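So the structure is just underneath, and the comments pick up after that.
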Amino acid sequence: MVKRLLTALLVVVIIGAAGAAGGYFYWQSRLEAPLALDEPTLYQVPSGAGFNQVVAELESQGILEDAWAFRLLARVEPERVPRLRTGEYQLLPDMSGLEMMALLGSNNVVTYPLTIPEGWTFRQMRDLLNAAPKLDHRTADLSDEEVMTLLDREGTFPEGWFFPDTYRYHLGMSDVDLLQQSLERMERILDSVWEERADDLTIESPYEALIMASLIERETGAPEERREIAGVFKRRMEQGMRLQTDPTIIYGMGERYEGRITRADLREATPYNTYVIDGMPPTPIALPGRASLEAAVNPLPGETLYFVSRGDGTHHFSRTLREHNNAVNRYIRNR
């Protein structure tokens, strides 16, 4: 009798153990089951959301079918539960529930590109930031002066100090974050470029190099011309000639510029009009790229003193005023 009871008890234990093992493996299979998705889906972890809240939301959106398995995981094996991070994540159809949870606890958030073109002004950069989706717009109602104070550059005129490039941001970042990145990058690149400058420059400081680079940037988009334009400006300054570069007129006109420069504009005495003032303008007039910065500190040697646009993005360079006037007749007046 006792032997039969012990045998029966052993059978019960074996069946129970087998059932427990089967239940455990079934639970694990539900954790590793693919998400209920037919296509890539964007999911946002709300700020301050806990694990169970996210699981419930994923279940309500039909993304996670076996939410019970993850609630059980949080209860019996909390060490396997990742600490979720606020942000947007790209969920894929072949992703398992465990892989998704690992993703939601990672830094692999969805990012968005924002491109600042070379030659843009700081005002254009701010307009682009203000229009960027998913970005926290902290500076939209601030003046330029207030923006620079916020960036710990109080009293610094902002033009030219932000490096034009493509930056990436994610939900939760602000325009201040991107401005800080761009500002610090320009400062690093300007310092690096200045260390590699030629010995016989007419400019005397990194800031003057920034101003010169902005003039070069606004004058040409042709990479092969940048150093020659820098050479023209250098030789004109050495000979006491005015720079006479049209982009400085345009910058000095500000919002009054409507796409055309008149004779009156050429004579208007703004602080930036290099047809009127000697030397360079007091500040940069645009955001220069690295190539223009490098050209500003390494001008091309030569004898040219003038250049005029051919109308195709390139310029004709001349050594004499007579040659220059002939080029103006050919490329500007006849056109």
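For segment 110-187, the alpha carbon positions stretch 36, 24, 19 Å along the principal axes, listed from largest to smallest. Of 234, 134, the residue with the largest accessible area leads and the full order is 134, 234 (1.4 Å probe).
Given their separation in residues at 0.36 nm each and the Cα-Cα distance between them, residue 39 and residue 205 gain 54.2 nm when the chain is fully extended.
Residue 265 sits among other residues whose Cβ lies under 13 Å from its own Cβ, and their net charge, with Lys and Arg +1 and Asp and Glu -1, is +1. For Cα extents along the principal axes in Å, computed directly from the structure shown, the correct entry in (1) 61, 41, 40; (2) 125, 39, 38; (3) 90, 55, 32 is (2). The 3J(HN,Hα) values that the Karplus relation (6.51, -1.76, 1.60; θ = phi - 60°) gives for segment 179-188 are, in residue order, 4, 5, 4, 5, 5, 5, 5, 4, 4, 5 Hz. Gly and Pro appear as x. Heavy-atom accessible area for residue 169, with the other protein chains in place and a 1.4 Å probe, reaches approximately 10 Å².
Taking label points 7 Å from Cα along the Cα-to-Cβ direction, residue 136 and residue 94 give a separation of 3.7 nm.
How much net charge surrounds residue 117 when only the other residues with a Cβ under 13 Å from the Cβ of residue 117 are counted, with Lys and Arg +1 and Asp and Glu -1? Numbers along the way, then the final one.
Details: positive: 218; negative: 118, 127, 165, 217.
Net local charge, residue 117 excluded: -3.
Residues whose amide H comes within less than 5 Å of that of residue 159, counting only those at least five positions distant or on another chain, are absent (H built at 1.01 Å from N in the peptide plane).
Near residue 60: Cβ cut-off under 15 Å, other residues only, Lys/Arg at +1 and Asp/Glu at -1. The net charge is -3.
Can you tell me the length gained on complete extension of the stretch residue 80 to residue 260, counting 0.36 nm per residue apart and subtracting the Cα distance?
Working: separation 180, 0.36 × 180 = 64.80 nm, distance 6.63 nm.
Contour length minus the Cα-Cα distance gives 58.2 nm.
Comparing 221, 302, 231 in a Gaussian network model of the chain (Cα springs below 10 Å), the most mobile by mean-square fluctuation is 302. Taking amide H as placed 1.01 Å from N in the peptide plane, residue 306 has its amide H under 5 Å from the amide H of 318, each at least 5 places away in sequence or on another chain. For segment 106-114, the Karplus equation 6.51 cos²θ - 1.76 cosθ + 1.60, evaluated at θ = phi - 60°, returns couplings of 9, 8, 7, 7, 5, 10, 10, x, 9 Hz by residue, with Gly and Pro reported as x.
Divide by every residue of the chain the summed helix terms, -39500 (n - 2.57) for each DSSP H run of at least 4, and state the resulting mean residue ellipticity at 222 nm, rounded to the nearest 500 deg cm²/dmol. Before the final figure, lay out the partial values.
Details: 13 runs with 152 residues, N = 335.
Dividing the helical sum by the residues of the chain leaves -14000 deg cm²/dmol.
Under the definition of Cα pairs under 8 Å and six or more residues apart, what whole-number percent is the relative contact order of the chain?
Numbers: 494 pairs, mean separation 48.1, N = 335.
Relative contact order here is 14 percent.
Remark: segment 163-177, residue by residue, has Karplus-estimated 3J(HN,Hα) of 7, x, 5, 9, 10, 10, 9, 10, 3, x, 7, 10, 4, 4, 4 Hz, where x stands for each Gly or Pro and the curve is 6.51 cos²θ - 1.76 cosθ + 1.60 at θ = phi - 60°.
Shape descriptor for segment 197-331: Rg over Rh equals 0.93 (Cα atoms; Rh from the Kirkwood inverse mean 1/r).
The values are calculated or read from the model by the stated rules, or taken from the named source; none is laboratory data. Every value quoted in this text rests on a predicted model; they were computed, and no experiment measured them. All Cβ positions, glycine included, derive from the backbone under ideal geometry; neighbour counts span all protein chains shown. These accessible areas exclude ligands, DNA and RNA; they are computed on the full protein's heavy atoms, side chains included. Shrake-Rupley method; radii C 1.70, N 1.55, O 1.52, S 1.80 Å.
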